[in-house]
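The block underneath contains the structure these notes are about, expressed in structure tokens.
The values are calculated or read from the model by the stated rules, or taken from the named source; none is laboratory data. From a predicted model like this one, the values you see are computed outputs, not experimental measurements. All Cβ positions, glycine included, derive from the backbone under ideal geometry; neighbour counts span all protein chains shown. Only protein heavy atoms, including side chains, enter the accessible area calculation; ligands, DNA and RNA are left aside. Shrake-Rupley method; radii C 1.70, N 1.55, O 1.52, S 1.80 Å.
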Amino acid sequence: MQTLASAARAIRDLPRDRRYGRVVAARGALIEVEGLRGAAQIGSRVAISTPSGLIDTEVTGLDHALAQCLPFSDPQGVSSGARAELAAGQFVLRPSAAWLGRMVDGLGHPIDGKGPLAPGAEPRPIKASPPPAASRARVGERIETGVRALDVFVPLCRGQRLGLFAGSGVGKSVLLSMLARWTNCDVAVIGLIGERGREVQEFVEDDLGEEGLARSVVVVATSDEPALMRRQAAWTTLAIAEHFRDQGLNVLCLMDSVTRFAMAQREIGLASGEPPAAKGYTPTVFAELPRLLERAGPGLPGQGSITGLFTVLVDGDDHNEPVADAVRGILDGHVVITRRIAERGRYPAIDLLKSVSRTLPHCQTEAENAIRLEARRILSTYADVEELFRLGAYKAGSNPEVDEAIRLAPEIESLLKQGKQDKGEGVATFNALAEMMKPAE
């Protein structure tokens, strides 16, 4: 009887049916499958047979009797007539505390050679909705980042979402590594989306270090991986962060970069037949960006929070290009990193006059706000007359405010200059600024 009961349970656990189709066309990365009409849905998983094994794909479009699929790996070996099996359910993750200190791919599979990951008890969808806007907690208190320019001029609060906008080669990744090591949080979830393959180990070993990695989960999808895997890695980064947030922890979510997520979505949209819009970006790019970024932020009352730092690679140093413009309107502040300041040798090359935190002025005390505004006034005055001063066209004594700016601006710039190992402290920076801005006797 026990054997029969076990057999009955096993039969009940079997899927009710298994749906198969056939590959009828492959155009670039897009694979069209026939025979799944009425069963395949957007987001469904389809496994396609090839001589070297199964290739996992996802349904990204439906066209009458055809399911349009994009692969998570190289589609080499897919042939017309190949069998395509519709898998039950969509991709889910089972994150747990055992994932800390590990590196995973966009589907949550380990890639660090340290063995399998211990799964958590509850499955979590990779793509999820943010908490209801009317029920979310508010942004919390200010947190120290260890970067003097940010702590004074563009402060970060718990649950805030801040964008780092920069062109290529101006220190964006180095600044991100400083924030990953020094920002006060319980857990860090780091998404390296479309990153150069050679830089992944450098970031983990040199920039993050053993201590930083021990409290982190790193999600990696390098630039050579298919667009679907790069997009999936961004969703996985937020899904893991949401798991730890729901445990009541304060999570730091770092993503480098949102632009490469947008590029991956553009590839997927174009392959599925969407019309190109601004700079070739398809309409779904601008629909998916807020769906991704809104998942970061405060949780529901009693939960933790996700403090988000997202890098944006601006095309040709144009900070008004479509992705940068869209992301700037979604986030709670933006940090502008400019080539002009980097060429002067001041790192982090943050343009303080163009950077904004939308938690100001409430996150600073009255005294701190006064020091910050006075320092901004000095830097702004100096920026107005910098060219005249360098050309020798300004005569000292002509304007007391300009004279003060010429004297103090280089000192403020020197105070804000930091190396990779030079951790700053907010209170000490405010005190140093207040001391140097005292009226000259």
Looking at (1) open to solvent by less than 10 Å² (accessible area, probe 1.4 Å); (2) of a type outside the set (Asp, Glu); (3) more than 25 Å from residue 142 (Cβ to Cβ), which is the one condition that is false for residue 183? (3)
Take the residues in the range 48-100 that are part of a strand (DSSP E or B), touching a residue at least 40 places away in the same chain (Cβ under 8 Å) and among the aliphatic types (A, V, I, L, M); name whichever of them is farthest from residue 123 (Cα to Cα). 66
Candidate set from the range 83-101 (those that are more than 30 Å from residue 36 (Cα to Cα) and open to solvent by less than 50 Å² (accessible area, probe 1.4 Å)); member that is farthest from the chain's Cα centre (by Cα): 96
Could you go through the range 55-66 and let me know if any residue there is more than 28 Å from residue 240 (Cα to Cα), open to solvent by less than 30 Å² (accessible area, probe 1.4 Å) and of a type outside the set (D, E, K, R). no
Looking only at the range 260-289, which residues are of a type in the set (A, V, I, L, M), more than 18 Å from residue 325 (Cα to Cα) and free of Cβ contacts under 8 Å to residues at least 24 places away in the same chain? 270
If you take the residues of the range 243-257 that are buried (at least 23 other Cβ atoms within 10 Å of the Cβ) and of a type in the set (D, E, K, R), which of them is modelled with the highest pLDDT? 245
Search the range 386-397 for residues being over 40 Å from the mean Cα position of the chain (by Cα) and open to solvent by less than 80 Å² (accessible area, probe 1.4 Å), and hand back the single one that is nearest to residue 436 (Cα to Cα). 397
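For (1) surrounded by fewer than 17 Cβ atoms within 10 Å (Cβ to Cβ); (2) assigned to a loop (DSSP other than H, G, I, E, B), each residue gets a yes or a no:
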{"site": "376", "(1), (2)": "yes, no"}
{"site": "379", "(1), (2)": "no, no"}
{"site": "408", "(1), (2)": "no, no"}
{"site": "439", "(1), (2)": "yes, yes"}
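Residue-by-condition table, conditions (1) open to solvent by less than 60 Å² (accessible area, probe 1.4 Å); (2) in the same structural domain as residue 432 (by the TED database):
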site	(1), (2)
324	yes, no
328	yes, no
341	yes, no
345	yes, no
373	no, yes
384	no, yes
402	yes, yes
Residues located in the range 111-146, provided they are closer than 26 Å to residue 323 by Cβ and touching a Ser or Thr at 6+ places or on another chain (Cβ under 9 Å): 126, 139, 145
When only residues in the range 221-242 that are of a type in the set (Val, Ile, Thr) and modelled with pLDDT of 95 or more count, which is farthest from the chain's Cα centre (by Cα)? 240
Check 170, 139, 104 and return the single one that is open to solvent by 40 Å² or more (accessible area, probe 1.4 Å), of a type in the set (Val, Ile, Thr), in the same structural domain as residue 292 (by the TED database) and more than 25 Å from residue 433 (Cα to Cα). 139
Inside the range 412-437, can you point out the residues that are of a type in the set (Asp, Glu) and surrounded by fewer than 15 Cβ atoms within 10 Å (Cβ to Cβ)? 422, 425, 435
Of all residues in the range 208-242 being among the acidic types (Asp, Glu) and part of a helix (DSSP H, G or I), which is surrounded by the most Cβ atoms within 10 Å (Cβ to Cβ)? 242
Criterion (out of contact with any helix residue (DSSP H, G or I) (no Cβ under 9 Å at 6 or more places or on another chain) and either acidic (Asp, Glu) or at pLDDT 95 or above (or both)) met by exactly one of 413, 374, 425, 441: 441
Please go through the range 243-262 and pick out each residue that is in a helix (DSSP H, G or I) and either outside the structural domain of residue 176 (by the TED database) or under 21 Å from residue 177 (Cβ atoms) (or both). 244, 258, 259, 260, 261
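Residue-wise test of (1) under 30 Å from residue 148 (Cβ atoms); (2) modelled with pLDDT of 90 or more; (3) not in a helix (DSSP H, G or I).
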site: 279; (1), (2), (3): no, no, no
site: 309; (1), (2), (3): yes, yes, yes
site: 329; (1), (2), (3): yes, yes, no
site: 353; (1), (2), (3): yes, yes, yes
